[in-house]
Every structure is written in C-alpha cells, then in structure tokens.
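Taking it in order: structure first as structure tokens, then the write-up.
The values are calculated or read from the model by the stated rules, or taken from the named source; none is laboratory data. Owing to the predicted nature of the structure, the values given are computational and were not obtained by experimental measurement. Don't worry about glycine lacking a Cβ; one is built from the backbone with ideal geometry, like all the others, and counts go over all protein chains shown. Quick note on the areas: whole protein, heavy atoms, side chains included, nothing else; ligands and nucleic acids left out. Shrake-Rupley method; radii C 1.70, N 1.55, O 1.52, S 1.80 Å.
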Amino acid sequence: MSDLTRPQTPDPYPLLPATAAFDVASDDIVDGQPLEDEQVADKGNTSPHLRWSNVPEGTKSFVVTCFDPDAPTPSGFWHWVLVDVPADVRELATGAASAPLPGGAFHVRNDGGEAGFMGAAPPQGDQPHRYFFVVHAVGEDSLGVGPDASPAVVSFHLAFATLGRAILRGTYQR
C-alpha cells in the first residue's frame with residue numbers, strides 16, 4: 001500500500017453559502033465521537049437514527065446526506081444521499097435507508113454505487129475519517145433532481161435551495 005499521509009481536508013460546510021443552523025440528534029451517533037459498528041460498512045452497514053427540530057420557517061422538504069471529506073480522493077466520498085424527504089418528517093429510524101422511504105423520498109447512488117446507505121469504510125491504516133451526517137432544510141417541495149443524479153449534482157442544487165443545515169459528525173479509523 002502506498003503512503004496515504006496528507007493534510008486533513010477542511011470541514012466542507014463552512015465553505016458553502018451560509019445558512020441557518022437547526023438541531024439534529026441521534027440515538028446512534030455522538031457528535032465528534034467514533035461511529036458504532038452498526039454504521040461501519042463491513043460490520044453493520046446500517047443507516048443511523050436521526051431526529052431534527054427547530055427547522056427554518058419555510059422548509060418544504062429535507063435532504064439527508066453523509067459525506068466523508070477525508071477519503072483519499074479530490075472529491076471526498078458520499079455515503080448517503082436521501083432526497084425529497086417530506087417537510088412533516090422529523091425523524092428517521094435506525095436502518096431507515098433500507099426500509100420503505102417516506103412520501104416521495106428517494107436515494108441517489110452513493111459513491112459505492114448503491115442507492116442507499118454505505119457505512120464507514122476508510123482504507124486500513126489511514127488517518128481518522130470524519131463522517132458528516134447532515135440534514136438539509138430545503139425551501140422547495142422537491143429539490144428538482146431525479147434518482148440518476150450524482151451526489152455532486154444534488155449538492156449543487158442544495159447550494160441554491162438550502163434554508164438551513166443540521167450537522168452531526170462521527171469518526172472512524174481502521
């Protein structure tokens with residue numbers, strides 16, 4: 001294996017247009033702490049419980065993502081992109097990515113190639129990776145993308161439609 005030593009990638013969210021913050025909590029993730037085995041690809045590969053509140057006025061839908069900026073790629077690694085979650089939803093149960101989705105919600109393919117959640121899977125011996133679980137409050141009923149959109153296209157649309165973000169950060173290292 002080649003040497004993967006490199007500087008830590010910056011937190012990507014302060015680099016985006018500013019939005020309101022709101023609250024997110026989880027029964028499965030403690031902000032800033034290592035992920036449980038259930039959220040690791042080769043152990044449980046299960047999407048975490050998320051619950052959010054105090055969303056910005058005018059929220060009409062949500063997008064839920066998990067992004068690892070520390071992957072040894074120029075573009076990071078998208079582990080989960082759930083689009084068009086209805087505005088009245090305020091919680092996703094553990095494993096919701098593998099269950100029937102609420103309303104017209106759908107997944108776009110993660111960077112592992114699957115429409116759904118992919119748990120943490122950093123290279124063996126690499127630096128600790130950060131996993132940003134983000135609930136994006138959207139000011140439209142639909143983000144305006146389809147299930148064939150890439151995570152980058154979803155993110156591009158979010159730059160113009162996001163009213164607020166709620167962020168939980170987990171970490172993992174092999």
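Restricting the range 153-174 to residues that are aliphatic (A, V, I, L, M) and touching a Gly at 6+ places or on another chain (Cβ under 7 Å) leaves a set whose member that is most open to solvent (accessible area, probe 1.4 Å) is Leu163.
When Asp28 is tested against (1) farther than 25 Å from Asp148 by Cα; (2) part of a strand (DSSP E or B); (3) touching a helix residue (DSSP H, G or I) at 6+ places or on another chain (Cβ under 7 Å), just one condition goes unmet, and that condition is (2).
Checking each residue in the range 108-151 for being open to solvent by 20 Å² or more (accessible area, probe 1.4 Å) and assigned to a strand (DSSP E or B) picks out Arg109, Ala115, Arg130. Restricting attention to the range 54-97, the residues that are acidic (Asp, Glu) and open to solvent by 10 Å² or more (accessible area, probe 1.4 Å) add up to 4. Could you list all residues from the range 36-76 that are among the polar types (S, T, N, Q), out of contact with any Lys or Arg (no Cβ under 9 Å at 6 or more places or on another chain) and part of a strand (DSSP E or B)? Listed by number, the residues that qualify are Ser61, Thr65.
If you go through the range 97-144 and keep only what is within 15 Å of the chain's Cα centre (by Cα) and over 23 Å from Asp37 (Cα atoms), you end up with Ala105, Phe106, Val108, His136, Ala137, Val138. If the condition is being touching a strand residue (DSSP E or B) at 6+ places or on another chain (Cβ under 7 Å) and loosely packed, with under 15 Cβ neighbours inside 10 Å, then the range 34-53 contributes only Ser53.
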